[in-house]
Structure formats: structure tokens, C-alpha cells
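Structure first, then comments.
The values are calculated or read from the model by the stated rules, or taken from the named source; none is laboratory data. Here the structure is a predicted model, which is why all the values come from computation and not from measurement. Here the Cβ positions follow ideal geometry from the backbone for every residue, glycine too, while neighbour counts run over all protein chains shown. Remember, those area values only see protein heavy atoms, side chains included, never the ligands or the DNA or RNA. Shrake-Rupley method; radii C 1.70, N 1.55, O 1.52, S 1.80 Å.
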Amino acid sequence: MSLSSSSSRPVTAVGWTSSGTTCPGHFTLISMTEDGASASFTRGFGLKSGYYLCYSKDLSGGMVVSDVQVISDKETIPHGYCYVPEFMDSKASVWKKKRVCVRIVPVDSVTTAVLDIRLTAKSKMMLQQYTCLGDMLGYVLWCMKGPFSTPVPQAKPRHISFDMGKISLDSTGPPLPLRPSNQPAAAPRISRRRSNLDEKETPESVCDGSNIYGITAMDGVPFALHPKFEMRPSGTVSTQVLDDIRIKSLQDIENEYNYTFAIEELAAKRSCPSVPSLS
């Protein structure tokens, strides 16, 4: 028997439920047996209403069911097993003479797990590749074990706008019309200083108050070299002129500009003349 992608996923939880309204959303309710009978457990003595077996394959919790057993009320629950939960109405109850218990382990700790759970109403009917767990209230429980596969998480597709979808890195098409989604990027704000020495700014551009932090003290001041620096020597410079240049050391500069502030200290020490008070 070939398994579909759904049946190859492991069972992660098993439980009892009163009906489809009390069954959790991620559980599958077993409403029919394999031979076409109703799978409602209503044959027990003193049962007020029927209930159904359900199972889940939700792997969000990171746990799987590695084994399922049906035991009587006189047997001790095996080590590592637990009774299945009950999603029942307030007035409903589950028959306790026989109970279903499961062994739940982390998904990374095993390579085989329970892949499917089914019910039959006739004990003579056999299910191929399934293991018989036992009978309860006239039903026979079956489970299939085997290697399982976990679904690979799929990346959610991103919604790309119509204008972004037409952008290509290989070729450039005609420019798009101006829309709120493709307006040209604003030019970076730079200093008001002109990039060319021959270009002059107008008073209106200097006094532009759109950004007061972009105006400096040098804005609007025309740039020009001192005339003595604009003179260029005609011919070569003699080596005698270069020999007269003396390179001063740091100590020479300190000695040349050394100032003791003696006059200021003397003036600070002078006492101010007292002014006679008028009586």
C-alpha cells in the first residue's frame, strides 16, 4: 500500500471528543469505521451520549506519537505512556473499563512513529500493514507505524507592487510617469559653497531659509586670492632666493612668540582707589 503525503506524516496526539463541535480544529475526528459503520462509542453501560476517537498531525509542538496501546482498568499504565486527553461536553463521559494510552516523544528522538489510526466494527476484518491494538465496546483499533517525513517550511511569497515588478537589472526601459510610488529621490543637501570658483551665488540663494543649519559664516563671501599670491615669477627662481629661506624649528617659534604677560599681571595687582563715602 503506497502512502500519500498526508499519511506519511506522523500522528502527534490522540484524544476523545463528544462531537465535531468539541473536537479541536487541528484534530481529525474518526466518524466512520473502515467497513462503513458509525464510529460512535455508545454501547457502554451507563453512557449518556456517544463519543469519538480523534487524532492530530500538527507538528508545531515538536512531539510525535511513537506507540499506542489499549489497556484495561486493572493494568498499570506502562512507563513513559499517558492517557489520551478528553475534549468532551460537560455532561459526557468516557468508558473507563478500557483506556487508550500513548507514548509521546520529541520528533528528533525517533525515526519511526504512528502514521495512521483506524477503526473496524467487525473483528474478522483485517487491515493490511496495520497493527491490531485491541477491542473497545465492539470496535477494533488499528495503527500503522513507519518512517515519517516532516513538511519543509515554505517561505511566504512577498507581494511586489506593479511598479517594482517592472524593474529589471539587465535592461533599462523608458522612464515611468511620476507617481507617489516612483518619485525621484531627493538630492542630498550639501553646503551652499559653490563648486566652481568662477560661479557666483545670488543673494536669494544665500538667504534661503529652508534649512538654517545649512548656512555657514562663509556663505555669500566671494572667494579671491590676494594679489601678491597671484603674481607668478617670469622665468626660473634663483637658488640664492631659496638659500635665504630659513626653516624655523618648534623651539625657534616658541622663542619668537614668547610673551610673559608681565604687564597684564602688574595691572591686575593694582588696587583700585577707594571712593570716599558720602555721609
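Name the single residue, out of those in the range 96-115 being of a type outside the set (Val, Ile, Thr) and touching a Lys or Arg at 6+ places or on another chain (Cβ under 9 Å), that is farthest from Ser40 (Cα to Cα).
In this case the residue turns out to be Ala113.
I'm told Glu34 meets every condition in (1) assigned to a loop (DSSP other than H, G, I, E, B); (2) among the charged types (D, E, K, R); (3) surrounded by fewer than 16 Cβ atoms within 10 Å (Cβ to Cβ) except one. Can you identify the failing condition by its number?
(3)
Would you mind stating whether Thr150 is modelled with pLDDT of 75 or more and either under 26 Å from Trp16 (Cα atoms) or open to solvent by 60 Å² or more (accessible area, probe 1.4 Å) (or both)?
Working: modelled with pLDDT of 75 or more: no; either under 26 Å from Trp16 (Cα atoms) or open to solvent by 60 Å² or more (accessible area, probe 1.4 Å) (or both): yes.
In short, no.
Residues to consider are Val114, Val94; find the one that is in contact (Cβ under 8 Å) with a residue 12 or more places away in the chain and touching a Pro at 6+ places or on another chain (Cβ under 7 Å). Spell out the reasoning first.
Numbers: Val94 fails: touching a Pro at 6+ places or on another chain (Cβ under 7 Å).
Exactly one of Val114, Val94 is in contact (Cβ under 8 Å) with a residue 12 or more places away in the chain and touching a Pro at 6+ places or on another chain (Cβ under 7 Å), namely Val114.
Would you mind stating whether Thr131 is closer than 19 Å to Val11 by Cβ, surrounded by fewer than 14 Cβ atoms within 10 Å (Cβ to Cβ) and modelled with pLDDT of 90 or more? Even if it seems obvious, please write down each step before you answer.
Details: closer than 19 Å to Val11 by Cβ: yes; surrounded by fewer than 14 Cβ atoms within 10 Å (Cβ to Cβ): yes; modelled with pLDDT of 90 or more: yes.
Yes: the conditions hold for Thr131.
Listed residues Val64, Val105, Val70; which is closer than 15 Å to Leu141 by Cα and part of a strand (DSSP E or B)?
Val70
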